[in-house]
2 protein chains.
Amino acid sequence: MTDQIQLDQLCINTIRTLSIDAVEKAQSGHPGTPMGAAPTVYCLWQRFLRYDPEHPEWPNRDRFVLSAGHASALLYSLLYLSGVKATSPSYEVTDRLAVTLDDLKNFRQAGSRCTGHPEYGWTSGVETTTGPLGQGVAVSVGMAIAERWLAATYNRPSYELFEHNVYALCSDGDMMEGISSEAASLAGHLKLANLCWIYDDNNISIEGSTDITFTEDVAARFAAYGWHVVRVDDANDLPLLTHAYETFLDTHDRPTLIIVRSHIGYGAPHKQDRREAHGEALGPEEVRLAKEFFGWDPDSQFYVPEGVSAHFKAQIGSRGATKHATWEQLFAAYHSQYPDLAKQIDCLQLRGLPENWDSALPTFPTDQKGIATRDSSGKVLNTIAAQMPWLLGGAADLAPSTKTELKDTIYGNFQAPRQDDNEGGNYGGRNFHFGVREHAMCAIASGMSLSKLRPYAASFFIFTDYCRAAIRLSAMMQIPVIYIWTHDSISLGEDGPTHQPIEHLASLRAMPGMIVLRPADANEVVEAWRVIMQLKDRPVCLVLTRQAIATLDRTKYAHANGVSCGAYVLADAPDHKPDVLLLATGSEVSLCVTAYEQLKSEGIKARVVSMPSWELFENQSREYRDSVLPPEITARVAVEEASTFGWERYTGFDGAILGLRTFGLSAPTKIVEQHFGFESAHVVAAAKAQITRSALKK
Amino acid sequence: MTDQIQLDQLCINTIRTLSIDAVEKAQSGHPGTPMGAAPTVYCLWQRFLRYDPEHPEWPNRDRFVLSAGHASALLYSLLYLSGVKATSPSYEVTDRLAVTLDDLKNFRQAGSRCTGHPEYGWTSGVETTTGPLGQGVAVSVGMAIAERWLAATYNRPSYELFEHNVYALCSDGDMMEGISSEAASLAGHLKLANLCWIYDDNNISIEGSTDITFTEDVAARFAAYGWHVVRVDDANDLPLLTHAYETFLDTHDRPTLIIVRSHIGYGAPHKQDRREAHGEALGPEEVRLAKEFFGWDPDSQFYVPEGVSAHFKAQIGSRGATKHATWEQLFAAYHSQYPDLAKQIDCLQLRGLPENWDSALPTFPTDQKGIATRDSSGKVLNTIAAQMPWLLGGAADLAPSTKTELKDTIYGNFQAPRQDDNEGGNYGGRNFHFGVREHAMCAIASGMSLSKLRPYAASFFIFTDYCRAAIRLSAMMQIPVIYIWTHDSISLGEDGPTHQPIEHLASLRAMPGMIVLRPADANEVVEAWRVIMQLKDRPVCLVLTRQAIATLDRTKYAHANGVSCGAYVLADAPDHKPDVLLLATGSEVSLCVTAYEQLKSEGIKARVVSMPSWELFENQSREYRDSVLPPEITARVAVEEASTFGWERYTGFDGAILGLRTFGLSAPTKIVEQHFGFESAHVVAAAKAQITRSALKK
């Protein structure tokens, strides 16, 4: 063996043994995949990855996504050995290492950067949070899309500012999950030649050999999606791996899947190729034997042989530093030549907003007949998009219904450029056709957001059921994805119970980090968008009606800017001492306003509280909250065309909740509303009953 | 044209015009797919479907699943023209039609059997609720599995009791959804030769041509899954369609996909092949023109030409009646020859339980160290399974972790039989390897349940996020699927926030029709299973710990059979007048018992209420509920390692909730619990604070 080959082997075995030791010390984790896939990832990082360990936030870096997130020890070992630096929450590089040897020694312990699964934002160098299978590969499609869009939008002759690739390492489990099929189908359609999935094909999943459940021809399936498929029959064959990556780089008209045959638990004599290598520590004796196999001192722990760190520095480090330095020079020149474009890039990288982003926000006139909030939202979206090029997105085959299309033809469709393009598509397009693929859509939106675009993803509210796993990760990653969900209640009418959300508001309000916004009329929609656009670290669900709802008279009732507080007093008793509180969100606010006027005509003092976002409201001071919902007023009626679940927070034991406890009904909107009692007369009756009860109690 | 061909054409156009008229009258619905796919489904029903319209519950009928549920008018027209009879909720046939002409005229109106999307249980002849795309095809896999299992288990020489096929009509949208990929991959692996998907390939989805997002090679993809793929280039070509169905019937070693090229809105001169034909009424002028094209009087409405109904009677009706009568004779003879097996079939068809199903349920001895509820559940499951052959299921590649394997080797694995079978698989096997395909798993379980087996489906609780759409439909269909979710809280430890459920209990409690059961120890697990097995019309989520939890001393505390009431007093003040209520579920009950003992030692009177199921509790009488949670006691502490969301129902404005408002942490269990304050000292402190507050208020 030449020195070079020996050194490569030494580095690969260092990755393996660090991973083994991390899992063994924690007595928890997944040693098998790091042992099997170490050469695959090593070859990529050392010979190909365009990545500057000193600047892990460099915008034109290649992305490496560990979709097989359970193999986290593999990634942490690489981050450590490559000397990747930690960055601050505002993306500034620090002197600290992203992962220290102490972190590795404290794998899966509180405080360590080496958490059980890779967590974006907690560990620098982790490009996206992974663990739930299929998510990483789908996110990687979003990152590849972002690169194509950035390149098409900002590159200029002699200024190839964006030209990076996106790699994702995935497992049998990733391949089995439906989300990966959705994402791969779309990536093939979009001909994302900058995308490379590396399938660590080790034939083992938790219940045993993949023979018991997964015998499809993965290569043929991906060819059917329009991918280029390359095989590497032995993960330990670096020249073959190198050739495969080169083939990817030479493929310019489609994404590439590299299928690498590997051995889970490689080097562990009794556990290799067995499911026991997957998800538990090897045990001390097996660790010793594996280390002997690798030529290690069996008593060593967390051992990094001499020359290993230097070799990483000499390869990925040196290559990355050079490329990054060149890029910085290029970007400096670009700043001079294209200052406006450069300013946009700077702005989006910091998740900023362009000046005047809100300059054209409309005000909607009072209108009893009104407008569906999906329609008013579509108008508002278009006014903001006109000011902000990197605000972009689409729907899961429902854009005509969700009203999320950017109308001006200059925006175009995001499509692979082609000669005979009837759709006018190109990679600079801002309208996305995600297809009937809600789950992939949401993960892709996260990938776009992680590359600092400002994406929105839209569908019917009911279909959040298809994509909760992806939505949840965006909340965990604290990235500002905008979800637009229309057809938000039983009032969608004839489509019936299969399409009528009931429990979905409660389900999303219960999710940590998520903001749910359900505006009550067109002007609350405007204010909702004002809130949304200023979010930097939280995703939001904007929940909108299918049916027209009244645009309230804001000269008579409070200004809609109360939306920013989450809840506000919309209509009140003249003396601000109401006898009953009417609480509602979205389309049911108008119902409460009608009831309020009826009660007023009968001399009964009510207050209407519009509560578009519980999360924003709960972020307000106790003083503000008590001013809106005075604790001493226990006569309360909450009205929402959704599960009553959770409303007791605001109604207490004794309040009334007009909501739903069953599935919906297929019938025209008005009939459905009558059937379930969503009529102002019921609100009035409930309010009176509440006042009586409350008085009796006193 | 021969008379026969003319008659076929007349029938097909009757289906088309009935569908057009239903949508037009409702001014709501989807005419395009019924118009395009009418001959495809007509050919199947009239020439192949083994179905007795007089007995739509005949166990050996072929199943037809309309996965493209938006084309409901197509199915309703067929049910009406075939004269399918309505059945009662207890599966008895009535004299009424499942769908009348009046129902069709009241399409999408309250009370009509012709709801917007097909609803199982509401409209006889609807085999499963569909509408959310991909669900129907995945359910069809479960039905095909059930047939294979029933045949392998109950057929005997000369007694082919079960030999039916399962057909599903699917759309572009079905094909794009990830769940269909998961289901198709598994169906191919299992070589389900009794399964036929019919892909209505009309190149149009809501945003326009499928060219804009869906350009994969579907045929090649399904071949990669191991399916036989057949093409019909023109949906209007009945001989070609007939040949395709015959090819399916002649294919004995794999499932079949028939790709039928059709024209959405066929016959409507201005809307055919356009997205406008998909989801809205054609409009009066276009309806007239289409009817002229079909040779109809353009002024006719809901017109059924002479001879049409008779032709349905002569084909599907006559064939079905004959086959059904033969089968009933066969089953009568089977009853004589195999009385025990026949009794099982009768029992399962009525969703009954075998005698002695609970005869071997264990009682777990008091044990402070205890046992994880996933482990005790695994033991209980095995004792019931020993008595009940049609209790069967598996996990999404997590059986070793969810403890859902049926241990006795006689049960075997459900696999396609093969010569060189190392896994001992056969279609009579009861252990299912669903692969890492949670979404398909849940829909498949529904399909198995719809064929009257008693399936369970298992995974980690966090992965309910992957399969909510399928879970929701099981609740809507009111079928008793058993979901087993383990690793139910942050106490799973090191796997960290990506794997730690937070909002999932609230999310499922908010779902109508679902029962959530989170038992507090091994003996509550026993009682939970006792409840579960007696459910006939509700699915249940059994939520279980990864970690060991104490088995409570039931001589000291109340018997665990309180589980059947959803909540019960586990430990109380000696005078039954506690000063504070401690409410908890699952693993946190023990924490409250420890706190209770601590408080008791300090002379403070507390009551511990174990609340394994809110839904069961809310079904109890007001009297019972008030006896458990006396309204006058407002000093309350709720403890649950989950989102606090929803607990205010039981704590009111003033109670304390020890829960979570953030994502979890990757660290060992004890550290995680400490970090988030799940320690008895915190419960004690909160209880004391509650007593003080409550006293001050009085």
Could you grab me the full set of residues in region B:500-526 that are closer than 21 Å to A:Ile462 by Cα, of a type in the set (Gly, Ala, Ser) and more than 18 Å from the chain's Cα centre (by Cα)?
B:Ala506
Residue hits (region B:348-374; crowded, with 17+ Cβ neighbours inside 10 Å and either of a type in the set (Ser, Thr, Tyr) or without any contact (Cβ under 8 Å) to a residue 60 or more places away in the chain (or both)) are B:Pro354, B:Thr373
If the requirement is being under 26 Å from B:Trp647 (Cα atoms), within 13 Å of another protein chain (Cβ to nearest Cβ), touching a residue at least 24 places away in the same chain (Cβ under 8 Å) and buried (at least 16 other Cβ atoms within 10 Å of the Cβ), which of these qualifies: A:Ala656, A:Ala638, A:Ala667?
A:Ala638
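Each row is one residue, and each column tells you yes or no for (1) within 14 Å of chain B (Cβ to nearest Cβ); (2) part of a helix (DSSP H, G or I); (3) among the hydrophobic types (A, V, I, L, M, F, W, C).
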| position | (1), (2), (3) |
| --- | --- |
| A:Gly586 | no, no, no |
| A:Arg607 | no, no, no |
| A:Leu616 | no, yes, yes |
| A:Gln620 | no, no, no |
| A:Arg625 | yes, yes, no |
| A:Glu632 | yes, no, no |
Listing of strands (runs of 3 or more DSSP E) fully contained in region A:415-503 that carry 1 or more residues being modelled with pLDDT of 95 or more and within 12 Å of chain B (Cβ to nearest Cβ)
A:431-433, A:454-460
Given (1) away from chain B (no Cβ under 14 Å); (2) within 29 Å of A:Ala687 (Cβ to Cβ); (3) not in a helix (DSSP H, G or I), index of the condition A:Val563 fails:
(3)
Looking only at region B:184-194, decide whether some residue is assigned to a helix (DSSP H, G or I), of a type in the set (S, T, N, Q), crowded, with 24+ Cβ neighbours inside 10 Å and in contact (Cβ under 8 Å) with a residue 40 or more places away in the chain.
yes
Going through region A:223-242 one residue at a time, which ones are outside any strand (DSSP E or B) and either in contact with a strand residue (DSSP E or B) (Cβ under 8 Å, 6 or more places away or on another chain) or under 9 Å from A:Val260 (Cβ atoms) (or both)?
A:Ala223, A:Trp227, A:Asp233, A:Asp234, A:Ala235, A:Leu240, A:Leu241
Considering residues of region B:153-183 that are more than 13 Å from chain A (Cβ to nearest Cβ) and in contact with a Gly (Cβ under 6 Å, 6 or more places away or on another chain) only, the residue surrounded by the most Cβ atoms within 10 Å (Cβ to Cβ):
B:Ala168
Picked from region B:137-152 (must be among the small types (Gly, Ala, Ser) and away from chain A (no Cβ under 11 Å)), the residue nearest to the chain's Cα centre (by Cα) is B:Gly142
Need the failing condition index for A:Gly677 against (1) facing chain B (nearest Cβ under 9 Å); (2) over 20 Å from B:Gly655 (Cβ atoms); (3) in a loop (DSSP other than H, G, I, E, B), just the number.
(1)
Kindly check whether there is at least one residue in region B:108-123 that is out of contact with any Asp or Glu (no Cβ under 8 Å at 6 or more places or on another chain), among the aliphatic types (A, V, I, L, M), in the same structural domain as B:Ala220 (by TED's automatic domain parsing) and more than 26 Å from B:Gly320 (Cα to Cα).
yes
Go through region A:154-175 and give me each residue that's in a helix (DSSP H, G or I) and in contact with a helix residue (DSSP H, G or I) (Cβ under 8 Å, 6 or more places away or on another chain).
A:Tyr154, A:Asp172, A:Asp174, A:Met175
Say we look at region B:29-72 and pick out the residues that are buried (at least 23 other Cβ atoms within 10 Å of the Cβ), touching a helix residue (DSSP H, G or I) at 6+ places or on another chain (Cβ under 6 Å) and among the charged types (D, E, K, R); which of these is nearest to B:Gln329 (Cα to Cα)?
B:Asp52
Those residues that are within 14 Å of another protein chain (Cβ to nearest Cβ) and outside any loop (DSSP other than H, G, I, E, B), I need them from region B:516-557; list them, please.
B:Val516, B:Cys541
What is the number of the single condition among (1) away from every other protein chain (no Cβ under 14 Å); (2) among the aromatic types (Phe, Trp, Tyr); (3) buried (at least 22 other Cβ atoms within 10 Å of the Cβ) that B:Phe222 does not meet?
(1)
Within region A:203-222, residues being part of a helix (DSSP H, G or I) and among the hydroxyl-bearing types (Ser, Thr, Tyr) number 1
Do we find that B:Arg275 is touching a Gly at 6+ places or on another chain (Cβ under 8 Å), of a type in the set (Lys, Arg) and modelled with pLDDT under 95 in this structure?
yes
Residues satisfying the stated conditions in region A:89-121, i.e. among the small types (Gly, Ala, Ser) and either within 14 Å of chain B (Cβ to nearest Cβ) or crowded, with 19+ Cβ neighbours inside 10 Å (or both)
A:Ala98, A:Ala110, A:Gly111, A:Ser112, A:Gly116, A:Gly121
Where in region A:38-142 are there strands (runs of 3 or more DSSP E), lying wholly inside it, with at least 1 residues that are in contact (Cβ under 8 Å) with a residue 60 or more places away in the chain?
A:63-66
Residue list for region B:265-281, filter: hydrophobic (A, V, I, L, M, F, W, C) and away from chain A (no Cβ under 14 Å)
B:Ala268
Could you tell me whether region B:289-312 includes any residue that is within 33 Å of the chain's Cα centre (by Cα), part of a helix (DSSP H, G or I) and in the same structural domain as B:Asp62 (by TED's automatic domain parsing)?
yes
Which pairs have Cβ atoms under 9 Å, sit 6 or more apart or on different chains, and link a residue in region B:509-520 that is closer than 24 Å to B:Asp375 by Cα and modelled with pLDDT of 95 or more to one that is hydroxyl-bearing (Ser, Thr, Tyr) and surrounded by fewer than 24 Cβ atoms within 10 Å (Cβ to Cβ)?
B:Ala520/B:Ser590
For B:Gly394, indicate whether it is touching a residue at least 12 places away in the same chain (Cβ under 8 Å), over 23 Å from B:Ser474 (Cβ atoms) and either within 14 Å of chain A (Cβ to nearest Cβ) or crowded, with 20+ Cβ neighbours inside 10 Å (or both).
no
Could you please let me know if A:Leu517 is under 20 Å from B:His504 (Cβ atoms), hydrophobic (A, V, I, L, M, F, W, C) and either assigned by TED's automatic domain parsing to the domain that holds A:Val589 or touching a strand residue (DSSP E or B) at 6+ places or on another chain (Cβ under 7 Å) (or both)?
no
Answer from A:Gly664, A:Gly652 - the residue that is of a type outside the set (A, V, I, L, M) and in contact with a helix residue (DSSP H, G or I) (Cβ under 7 Å, 6 or more places away or on another chain)
A:Gly664
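The values are calculated or read from the model by the stated rules, or taken from the named source; none is laboratory data. In this text the structure is predicted, and so the values were computed from the model without any measurement. Cβ sites come from the backbone with ideal geometry, for glycine too, and all protein chains shown count toward neighbours.
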